[in-house]
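A quick write-up on the structure given underneath.
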Amino acid sequence: MAAMVSTYLTPSSKPSAAASPPQFAGLRRSLSTSHSFFHSVNSHTLRSSNRPTRGIVAMAGSGKFFVGGNWKCNGTKDSIKQLVSDLNSATLEPDVDVVVGPPFVYIDQVKNSLTDRIEIAAQNSWIGKGGAFTGEISAEQLKDIGCKWVILGHSERRHVIGEDDQFIGKKAAYALGQDLGVIACIGELLEEREAGKTWDNIVIAYEPVWAIGTGKVASPEQAQEVHVAVRDWLAKNVSAEVASKTRIIYGGSVNAGNSADLAKKEDIDGFLVGGASLKGSDFATIINSVTAKKVAA
Ligand code: PGA
C-alpha cells in the first residue's frame, strides 16, 4: 500500500470538552479521487446518536494496546534518572507496547538505563539524510542511538514551530524508510499522500488540540467517535486489514484517573501521554489501564 500519513490540524474552537463536542473539521484525503475524510467524520458525528452501536467489545482493532509517553522539553539528568528508576521498578501489564520520548539530549542516558521492556521514541527527525542541516537530527542517527520510534506531526510542532503537512509528510516517509516506527499525530484532519510505504509501522495518535496540556480531556464518547471514524476511513480508503491492525491512540490530558474509562472504548487502542508521563507511577497506571479493556470485553 503506497501510503503514508501526513497530518493537518485545524485549530478548533476552545470548547469545554465535557460540555460540548469538539468542532471536528474532519479528516480528509488529499487525493481528489479519494473519499473525503472531512465528510466522513462529520457524517459520523451527525449520525452518531442514530447509528447502530457496534457490539460490546473492548477492542475493535487487532493491534496491541500502545501507550507512549511524550516527555516534550522537560527534565534534567537527575529528574530523568528518577523517572527511569520509577519506570524500571513499576509492574507493567505484559500485553502493552510501551514507548517513551525523551528530549534528544537525554536519549542516550535513557537508552543506557531504562529497561528493554520500554522502547524509545524521538520527538522529531529530519526530513532526509543528515548533512549540513544545523540543529537537526537524522533518522539514521536516531536508529544508531537505539530509537525505535519517532513522534511526528505533534500540534506543538505545527503551531509553535510552524511545520506544515508537506514537511511532516517528508519526515514520515523518510523515517519509515529507515525502519523507524512513526507515531503520527492528527488533530482534526488527516491527509494521505503517496509515499510507497506500508502502514505497518504507523501508530495514529488523535490529539484534539484543545485537550493537549489543558486538563480538558475528551470524553470517552468524543474520542471514540473520532477513532471509529478514523478506522472506518482506513477501511474504506486503505483496506480492512490496515483498519484492523493500525493502532489509533488518544492524546490530550490523559491521566491516571481518566485512562481506564477511555481504554474501555473499543476503538481506543492506547494513549499518547504528555504531562502524566513525567511521573512514573501515573504513567504505569495509564499503561495498566489495558486491564479495563479486558474487563470490558
Ligand atoms: P498532555 O499532552 O497529556 O500533557 O495533554 C499530550 C500530548 O501532547 O501528547
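Remark: Val254 matches the filter, which requires a residue to be part of a loop (DSSP other than H, G, I, E, B) and either within 16 Å of the ligand (Cβ to nearest atom) or in contact (Cβ under 8 Å) with a residue 60 or more places away in the chain (or both).
Those residues that are closer than 19 Å to Lys245 by Cβ and either at pLDDT below 90 or polar (S, T, N, Q) (or both), I need them from region 197-222; list them, please. Scanning region 197-222 gives Lys197, Thr198, Trp199, Asp200, Asn201. Looking at Ile202, is it crowded, with 19+ Cβ neighbours inside 10 Å, in contact (Cβ under 8 Å) with a residue 60 or more places away in the chain and away from the ligand (no atom under 16 Å from the Cβ)? Yes; evaluated as a whole, the condition is true for this residue. Mind checking which residues of region 263-297 are open to solvent by 10 Å² or more (accessible area, probe 1.4 Å) and in a loop (DSSP other than H, G, I, E, B)? Those that are open to solvent by 10 Å² or more (accessible area, probe 1.4 Å) and in a loop (DSSP other than H, G, I, E, B): Lys264, Lys265, Glu266, Gly274, Lys279, Asn288, Ala297.
Restricting attention to region 257-288 and to residues that are small (Gly, Ala, Ser) and more than 14 Å from the ligand (Cβ to nearest atom), the residue that is farthest from Ala121 (Cα to Cα) turns out to be Ala260. Can you name the number of the only condition in (1) open to solvent by less than 50 Å² (accessible area, probe 1.4 Å); (2) at pLDDT 95 or above that Asp165 fails? With respect to (1) open to solvent by less than 50 Å² (accessible area, probe 1.4 Å); (2) at pLDDT 95 or above, Asp165 is out only on (2). Scanning region 227-251 for residues that are touching a residue at least 60 places away in the same chain (Cβ under 8 Å) and either away from the ligand (no atom under 16 Å from the Cβ) or more than 14 Å from the chain's Cα centre (by Cα) (or both) yields a count of 15. Of all the listed residues (Cys147, Cys73), the sole one being surrounded by fewer than 18 Cβ atoms within 10 Å (Cβ to Cβ), closer than 25 Å to Glu207 by Cα and at pLDDT 95 or above is Cys73. Only one of the listed residues (Asp95, Asp86) is surrounded by fewer than 20 Cβ atoms within 10 Å (Cβ to Cβ) and farther than 22 Å from Gly213 by Cβ. That residue is Asp95.
The values are calculated or read from the model by the stated rules, or taken from the named source; none is laboratory data. Here the structure is a predicted model, which is why all the values come from computation and not from measurement. Glycine also receives a Cβ, built like all others from the backbone with ideal geometry; neighbour counts cover every protein chain displayed. Please note that ligands, DNA and RNA were not included when accessible areas were found on the heavy atoms of the full protein model with its side chains. Shrake-Rupley method; radii C 1.70, N 1.55, O 1.52, S 1.80 Å.
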